[in-house]
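This report refers to the structure that appears directly beneath it.
The values are calculated or read from the model by the stated rules, or taken from the named source; none is laboratory data. Keep in mind that this is a model prediction, so the values were computed, not measured. Backbone-built Cβ (ideal geometry, glycine too); neighbour counts: all protein chains shown.
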Amino acid sequence: MKLITFLNSDKPVVGVLTSNSVIDVAASAERVGASEDMSSMLAVIRGGEAALSVIRKIVDQSQLFPATTYSLNNIQLFAPIPEPARNIFCVGRNYMDHVKEGFEARQADVKLSEAPQFFTKATHAINSSTGDIVINEKVTHWLDYEVELAVIIGKSGRDITKEHAFDYVFGYTVANDVTARDLQKRHDQWFKGKSLDGTLPLGPCIVTRDAIADVSALELSCHVNNERRQHGHVSQMMFDIPTVIASLSAGMTLDAGDIICTGTPAGVGFAMKPPQKLKDGDVVAVAISGIGELRNKIVIRN
């Protein structure tokens, strides 16, 4: 299934996509007699299999409730999880070619990590799949893009083994880890340069785990003004999804609704020759096969 968060009656609600239509999950749940909390995407995720069973029932009976169905072209999308409960987890340097291009751009010897490198992005970095990325040039003048697969955790767990890691996955979505490279360099760490407001477009939907037969086969791409910059496959990760989940959860509890961005392939702007930063008016389109596309315009203010 593909789940979204969209605006309805002046509030964000959960929808399920069926072809080009969207069904309001909470409104429909009442009509099928469900008692589960379906008021937000976090509530649905925390509801687990019981909540998903309700949504499947809603889809099966959708023709009975036309008043809760809308055209996809007539709705306003939010990020699937508009307000995460805590910071978004991210994995740095998780694609070999990206690791190599980064060290080469800095004219340094390539050094490979023996374990996933984690950092976080602040919750206010969340943006929608079509929202403008608005940046103050007094804060940063070197903006970059990074297409990434984001994993949505479906239930709480600690010390999760690789063998059981996928049992804790609710689904997947597309992320663009927009980065202020100058802040990254100035502060000598990743958090500040990764956490400016609106610099994590997410969406357009969450595809539930059962709807993707082989996540490693998914194809990632990034275009800037229709010029392809990045291309890769999830199978190219140095640390695969089970390894990332096992490593991150070791001694630390992951919660239902947590978001994990899993790294980006080669082709980022700072490593190009010459380097290419994002400019005012640029349109960045990042996509993952089977999930969807984010298309965001850069707006530079002074």
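Being small (Gly, Ala, Ser) and surrounded by fewer than 16 Cβ atoms within 10 Å (Cβ to Cβ) is the filter here; which residues of region 60-79 pass it? Steps first, answer last, please.
Step one: list which residues in region 60-79 are small (Gly, Ala, Ser), which gives 62, 67, 71, 79.
ALA67, SER71, listed by residue number.
When you go through ALA256, ALA266 one by one, which is the residue that is in a loop (DSSP other than H, G, I, E, B) and touching a Ser or Thr at 6+ places or on another chain (Cβ under 6 Å)?
Details: ALA266 fails: touching a Ser or Thr at 6+ places or on another chain (Cβ under 6 Å).
Residue meeting the stated conditions: ALA256.
What is the number of the single condition among (1) crowded, with 16+ Cβ neighbours inside 10 Å; (2) modelled with pLDDT under 95 that PRO82 does not meet?
Just one mismatch for PRO82, condition (2).
Given the conditions (1) surrounded by fewer than 20 Cβ atoms within 10 Å (Cβ to Cβ); (2) in contact with a Pro (Cβ under 7 Å, 6 or more places away or on another chain), which single one is not true for MET41?
In the conditions (1) surrounded by fewer than 20 Cβ atoms within 10 Å (Cβ to Cβ); (2) in contact with a Pro (Cβ under 7 Å, 6 or more places away or on another chain), MET41 misses (1) alone.
Determine, yes or no, whether MET272 is farther than 20 Å from GLU137 by Cβ, touching an Asp or Glu at 6+ places or on another chain (Cβ under 9 Å) and either crowded, with 23+ Cβ neighbours inside 10 Å or assigned by TED's automatic domain parsing to the domain that holds LYS155 (or both).
Values: farther than 20 Å from GLU137 by Cβ: yes; touching an Asp or Glu at 6+ places or on another chain (Cβ under 9 Å): yes; either crowded, with 23+ Cβ neighbours inside 10 Å or assigned by TED's automatic domain parsing to the domain that holds LYS155 (or both): yes.
So MET272 fits the description; yes.
Among the listed residues LYS162, LYS155, LYS185, LYS138, which satisfies the condition of being surrounded by fewer than 20 Cβ atoms within 10 Å (Cβ to Cβ) and at pLDDT below 95?
Numbers: LYS162 fails: at pLDDT below 95; LYS155 fails: at pLDDT below 95; LYS138 fails: at pLDDT below 95.
Just one listed residue meets the conditions, LYS185.
Mind listing whichever residues of region 189-199 are of a type in the set (A, V, I, L, M) and either surrounded by fewer than 17 Cβ atoms within 10 Å (Cβ to Cβ) or not in a loop (DSSP other than H, G, I, E, B) (or both)? Give the steps one after another, and end with the answer.
Keep residues of region 189-199 that are of a type in the set (A, V, I, L, M), which gives 196.
Hits for region 189-199: nothing passes.
Considering each of VAL110, VAL174, VAL139 in turn, give the residue that is aliphatic (A, V, I, L, M), assigned to a loop (DSSP other than H, G, I, E, B) and closer than 19 Å to GLY267 by Cβ.
After applying the criteria, what remains is VAL110.
Name the pairs: first residue in region 58-75 and polar (S, T, N, Q), second residue part of a loop (DSSP other than H, G, I, E, B) and surrounded by fewer than 16 Cβ atoms within 10 Å (Cβ to Cβ), Cβ to Cβ under 9 Å, at least 6 apart or on different chains?
GLN61/VAL32; SER71/ASN20; ASN73/ASN20
From ASP182, ASP167, which residue is part of a helix (DSSP H, G or I) and under 23 Å from SER249 (Cα atoms)?
Details: ASP182 fails: under 23 Å from SER249 (Cα atoms).
Only one candidate qualifies: ASP167.
On the given criteria, is ILE133 more than 14 Å from the chain's Cα centre (by Cα) and buried (at least 21 other Cβ atoms within 10 Å of the Cβ)? Give the derivation first.
On the way: more than 14 Å from the chain's Cα centre (by Cα): yes; buried (at least 21 other Cβ atoms within 10 Å of the Cβ): yes.
Yes.
Being surrounded by fewer than 23 Cβ atoms within 10 Å (Cβ to Cβ), in contact with a Ser or Thr (Cβ under 7 Å, 6 or more places away or on another chain) and either part of a strand (DSSP E or B) or not assigned by TED's automatic domain parsing to the domain that holds ALA175 (or both) is the requirement here; does ALA287 meet it?
Working: surrounded by fewer than 23 Cβ atoms within 10 Å (Cβ to Cβ): yes; in contact with a Ser or Thr (Cβ under 7 Å, 6 or more places away or on another chain): yes; either part of a strand (DSSP E or B) or not assigned by TED's automatic domain parsing to the domain that holds ALA175 (or both): yes.
Criteria met by ALA287.
Here's a check for you: in region 113-136, which residue that is part of a loop (DSSP other than H, G, I, E, B) and not small (Gly, Ala, Ser) is nearest to ALA79 (Cα to Cα)? Let's see the steps before the verdict.
Initially, region 113-136 is screened for residues part of a loop (DSSP other than H, G, I, E, B), giving 113-116, 122, 128-132.
This time we only want the ones that are not small (Gly, Ala, Ser), so: 114, 116, 130, 132.
On the way: GLU114: 33, PRO116: 26, THR130: 9, ASP132: 13 Å.
Of everything passing the filter in region 113-136, THR130 is nearest to ALA79 (Cα to Cα).
Just for strands (runs of 3 or more DSSP E) wholly inside region 200-244: which have at least 1 residues that are without any contact (Cβ under 8 Å) to a residue 12 or more places away in the chain?
Here the list reads 227-233.
Which one is nearest to the chain's Cα centre (by Cα), of the residues in region 145-164 that are of a type in the set (Gly, Ala, Ser) and assigned to a strand (DSSP E or B)? Lay out the reasoning, then the answer.
Residues of region 145-164 that are of a type in the set (Gly, Ala, Ser), as a first pass: 150, 154, 156-157.
Restricting the remaining residues to those that are assigned to a strand (DSSP E or B) gives 150, 157.
Numbers: ALA150: 4, GLY157: 21 Å.
Filtering region 145-164 for residues that are of a type in the set (Gly, Ala, Ser) and assigned to a strand (DSSP E or B), the one nearest to the chain's Cα centre (by Cα) comes out as ALA150.
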